[in-house]
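The block underneath contains the structure these notes are about, expressed in structure tokens.
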Amino acid sequence: MTQHKTRGVALIRPVDPVYPKLPPIARKLPLVEDWVDAALFARNWKERSAAFEALTHRSMTSIFGFNVRCAHRAISGYVSCALEHLCETEISRGDAASWYLLARHAAWQAAGRQFIAKTRPGAFLEFRRSNPGYDRAFAALASQRSA
């Protein structure tokens, strides 16, 4: 996604975070830790987005065997756990906004939509086309949320 100067959109802390509600054993599962590490150890959103895409693809293929019905809820949970660790106060990039759309928190989804609405037309579609794991997860979540 080509980045253009777009005014940031404020993020509020979730009222009901996902990560603290996970049983302690679940927090230690390699995949949960991989998502949190990807969020925390990336130097910027470009690296973080690439790491999230790789984890999404891995989750959608090897773990769930392309079973999108099972994977969409899990991906949303993993993304939420990872983003909760960032403690960001605003969305200022299109790739970040795209990942916030997948979170379980309605306020974060709304902020992601608001930021994307302010970006160059077609930028979100370009992001989806260049990130096939994200695209599958987004399509599955969009259909689930509209049902």
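The values are calculated or read from the model by the stated rules, or taken from the named source; none is laboratory data. What you see is a predicted model; the values in this text were computed from it and never measured. Positions of Cβ are backbone-derived with ideal geometry, glycine not excepted, and every protein chain shown enters the neighbour counts.
Taking the conditions exactly as written (hydrophobic (A, V, I, L, M, F, W, C) and at pLDDT 95 or above), does Ala26 satisfy them or not? Walk me through how you get there before you give the answer.
On the way: hydrophobic (A, V, I, L, M, F, W, C): yes; at pLDDT 95 or above: no.
Considered against the rule, which asks whether it is hydrophobic (A, V, I, L, M, F, W, C) and at pLDDT 95 or above, Ala26 comes out as no.
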- Query: Checking Trp45 against (1) under 14 Å from Arg93 (Cα atoms); (2) out of contact with any Lys or Arg (no Cβ under 7 Å at 6 or more places or on another chain); (3) at pLDDT 95 or above, which test does it fail?
  - Reply: (2)
- Does the range 88-99 contain at least one residue that is modelled with pLDDT of 95 or more, buried (at least 20 other Cβ atoms within 10 Å of the Cβ) and among the β-branched types (Val, Ile, Thr)? yes
- Only one of Ala142, Ala137 that is within 14 Å of Ser80 (Cβ to Cβ), at pLDDT below 95 and part of a helix (DSSP H, G or I): Ala137
- Can you confirm whether the range 78-87 contains a residue that is surrounded by 23 or more Cβ atoms within 10 Å (Cβ to Cβ), polar (S, T, N, Q), under 12 Å from the mean Cα position of the chain (by Cα) and closer than 27 Å to Pro30 by Cβ? no
- Message: Regarding the range 110-119, can at least one residue be identified that is closer than 17 Å to Tyr19 by Cβ, surrounded by 14 or more Cβ atoms within 10 Å (Cβ to Cβ) and at pLDDT 95 or above?
- Response: no
- What pairs can you find where one residue is in the range 18-29 and more than 17 Å from Ile75 (Cβ to Cβ) and touching a residue at least 60 places away in the same chain (Cβ under 8 Å), the other is of a type in the set (Asp, Glu) and not in a helix (DSSP H, G or I), and their Cβ atoms are less than 6 Å apart, with a gap of 6+ or different chains? none
